[in-house]
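The block underneath contains the structure these notes are about, expressed in structure tokens.
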Amino acid sequence: MMRRYYVVGMLAGVLSGCGEDAGKPASAQDVRTRLTPLVARLTDGVGKSFAAITHSEAWKSLDESYRGLRVLGDGTDTLSPAPTPMGLVRATLRQGYVEYALRTSLGDDRTPGEALGDALGEAAEQEGEGIWRVRGDAVCPRSYDFPDAPPRVPGGPTTPAPTSSADDARARCIRIVDDLEIRLRITLPGGDGLDVALLVGPARDEVLALQLRPDFAQLELDLGAIRGAAAHVASVVGARISLPQVLEGRVRFSVRVQGTDDAVVEAAITRAIRAEGSDVHVAIDARDPYFHLAAHGGADPTLEVTYDWGHTQIEAPVAFGGPSARLAVDLAGLDGKLHLDGRDSAVRFTGLGLGDATSRATLDGQPLVELDLNASNGRHTDLTVTSGARPVVELRPGIDLRAAMRLGALERLGRSVPSHLRDEVYTVAITDMPRLSPAQLADGTRALEVLAGQIVLASSAVADRIVVPAGRCLARDPLVAGEHPVLGRLAVRDCR
């Protein structure tokens, strides 16, 4: 019986469909024959491409740099034995693991093709060429356990619940599944590919669209269709759910394997996302792609990661047990690029930024937070980390970060706000071609050493700034009464 539940989950969560090329209708045997080699080639190609870079000098450099910088952040004297994100990725992508994880997730020894082929035969009936509909009498349990049934006496027979109750429950389940009208459209495009669409409801909303090719996989979600399907499901099961009046946008995920050791993973918002509820508004600009990851294996492995999250606006009411107000968040963006060369000990980030404008939050139109990075210097910076026992961080041109914290506006909603966050502007300037490195002072304190350039930390609430010139260190310091709650916890120290 659990297999049937797994079948329904697999049909709804993994599958999807082609949209542009209808292709030849597929049979259950076509699915058994084509799906397994497609999945095997893609997982093998991705695994090999990423495994090479995760065993390279560059990946080791990234791991060492993370450990060194984490010691500074933790304020501890020893390296943590906990695994790093780089170590976890390396373990996950070791050759053969992806395929092993996929097979074990099926709960038996079947291949993905066998599992889906069996699912079509067990839980669906063919309505037409390439169209399969999930059947209630195939997926609904034939027996039910009821909490008010008499307890079973050890060693004695089980007393079932009244037959009429079990029959009623099964009949209701069958009616719900049949009324949901869950269908799969499975077609065979040219070559050895496979396309699957998940259709829900009498309108056959195409919720998911998956294209599989020997060197390519693409999953696309239509948020408008998802809203329509969710409304239909709620009406069938008699549930009351809150759906936005407007929900639109399209999101795409894809994997491409090029040759034997090159892989590209991408995510894109192909149509701007917009959600409009009675009192909530969300808008996210389209970006194609907003995430791009390319791995090249072989003797000279490389890894390149690019992200470009677009302009995002969110408006919603907020309250803390008292009066409410309208919160508006306007994020200008988030972008940058990471490059790893397997033969290099340096990790390079380029074009790191927070969009091309000020990011801000307001409460009933009154400023809460404003954030700017390098507003007068291109709004972006490059960062290079060279590994070693003491990683060295280089910034070009540097960082000029301004954060205006005006959270005092929250107090009229009954929220307590610390004095240093009520109405204060903080600036962090790391300038003059800076080079920084974690250091350990003579008393064992962890600190940040300025090898070149300078660090200047300031607050609009105090006249004195913290200035760390080249050759000095910035370290934590016990807070003394009367000192600024933030700047008072830092001090300039001799590094040796």
> Taking region 398-416 as the region of interest, how many residues are under 16 Å from residue 373 (Cβ atoms) and of a type in the set (D, E, K, R)?
Replying inline: 2
> residue 435 versus (1) in contact with a strand residue (DSSP E or B) (Cβ under 7 Å, 6 or more places away or on another chain); (2) among the basic types (Lys, Arg); (3) modelled with pLDDT under 95: which is the lone unmet condition?
Replying inline: (3)
>> Test of understanding: among 418, 397, 391, which residue is in contact (Cβ under 8 Å) with a residue 60 or more places away in the chain and under 19 Å from residue 457 (Cβ atoms)?
In response: 418
>> Just the residues that are within 37 Å of the chain's Cα centre (by Cα) and under 19 Å from residue 399 (Cβ atoms), please, taken from region 476-496.
In response: 486, 487, 490
> From 178, 205, 222, 195, which residue is touching a residue at least 40 places away in the same chain (Cβ under 8 Å), among the charged types (D, E, K, R), in contact with a strand residue (DSSP E or B) (Cβ under 8 Å, 6 or more places away or on another chain) and at negative phi?
Replying inline: 195
> Given (1) in contact (Cβ under 8 Å) with a residue 40 or more places away in the chain; (2) in contact with a His (Cβ under 9 Å, 6 or more places away or on another chain); (3) of a type in the set (Val, Ile, Thr), where does residue 314 come up short, assuming only one miss?
Replying inline: (1)
> Does residue 243 satisfy being modelled with pLDDT under 95 and under 21 Å from the mean Cα position of the chain (by Cα)?
Replying inline: no
>> I'd like to check something: does region 229-250 contain any residue that is of a type outside the set (A, V, I, L, M, F, W, C), without any contact (Cβ under 8 Å) to a residue 24 or more places away in the chain and in a strand (DSSP E or B)?
In response: no
> If you go through region 122-157, how many residues are surrounded by fewer than 16 Cβ atoms within 10 Å (Cβ to Cβ), assigned to a helix (DSSP H, G or I) and modelled with pLDDT under 80?
Replying inline: 1
> Looking only at residues in region 347-364 that are more than 21 Å from the chain's Cα centre (by Cα) and part of a loop (DSSP other than H, G, I, E, B), which one is surrounded by the most Cβ atoms within 10 Å (Cβ to Cβ)?
Replying inline: 358
> For region 365-375, what are the residues that are part of a strand (DSSP E or B) and buried (at least 16 other Cβ atoms within 10 Å of the Cβ)?
Replying inline: 368, 369, 370, 371, 372, 373
> Which of the residues spanning region 453-469 are among the polar types (S, T, N, Q) and assigned to a strand (DSSP E or B)?
Replying inline: 454, 459
> Within the group 307, 290, which residue is without any contact (Cβ under 8 Å) to a residue 24 or more places away in the chain and assigned to a strand (DSSP E or B)?
Replying inline: 290
> So, in region 260-271, of the ones that are more than 16 Å from the chain's Cα centre (by Cα) and touching a residue at least 24 places away in the same chain (Cβ under 8 Å), which residue ends up farthest from residue 42 (Cα to Cα)?
Replying inline: 270
>> over 27 Å from residue 425 (Cα atoms), modelled with pLDDT of 95 or more and among the small types (Gly, Ala, Ser): which single residue out of 294, 346, 361, 275 fits that description?
In response: 275
> Picking from 425, 450, which residue would you name as being in contact with a strand residue (DSSP E or B) (Cβ under 6 Å, 6 or more places away or on another chain), outside any loop (DSSP other than H, G, I, E, B) and buried (at least 17 other Cβ atoms within 10 Å of the Cβ)?
Replying inline: 450
>> Can you tell me how many residues within region 260-316 are of a type in the set (A, V, I, L, M, F, W, C) and over 27 Å from residue 347 (Cβ atoms)?
In response: 11
> Out of (1) touching a Gly at 6+ places or on another chain (Cβ under 7 Å); (2) within 23 Å of residue 280 (Cα to Cα), what's the single condition that is false for residue 422?
Replying inline: (2)
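Test residue 183 against the criterion of being within 21 Å of the chain's Cα centre (by Cα), within 30 Å of residue 25 (Cα to Cα) and either among the charged types (D, E, K, R) or surrounded by 14 or more Cβ atoms within 10 Å (Cβ to Cβ) (or both), and give yes or no.
no
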> Can you spot a residue in region 263-283 that is surrounded by fewer than 17 Cβ atoms within 10 Å (Cβ to Cβ), touching a Gly at 6+ places or on another chain (Cβ under 6 Å) and acidic (Asp, Glu)?
Replying inline: no
> Quick check, is residue 467 surrounded by fewer than 16 Cβ atoms within 10 Å (Cβ to Cβ) and of a type in the set (A, V, I, L, M)?
Replying inline: yes
> Among the residues of region 387-415, which ones are within 32 Å of the chain's Cα centre (by Cα), under 30 Å from residue 327 (Cβ atoms) and part of a loop (DSSP other than H, G, I, E, B)?
Replying inline: 406, 415
>> Condition check: polar (S, T, N, Q) and touching a Gly at 6+ places or on another chain (Cβ under 7 Å). Does residue 258 satisfy that?
In response: no
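The values are calculated or read from the model by the stated rules, or taken from the named source; none is laboratory data. Being a predicted model, the structure only gives us computed values, none of them experimental. We place every Cβ from the backbone using ideal geometry, glycine too, and count neighbours over all the protein chains shown.
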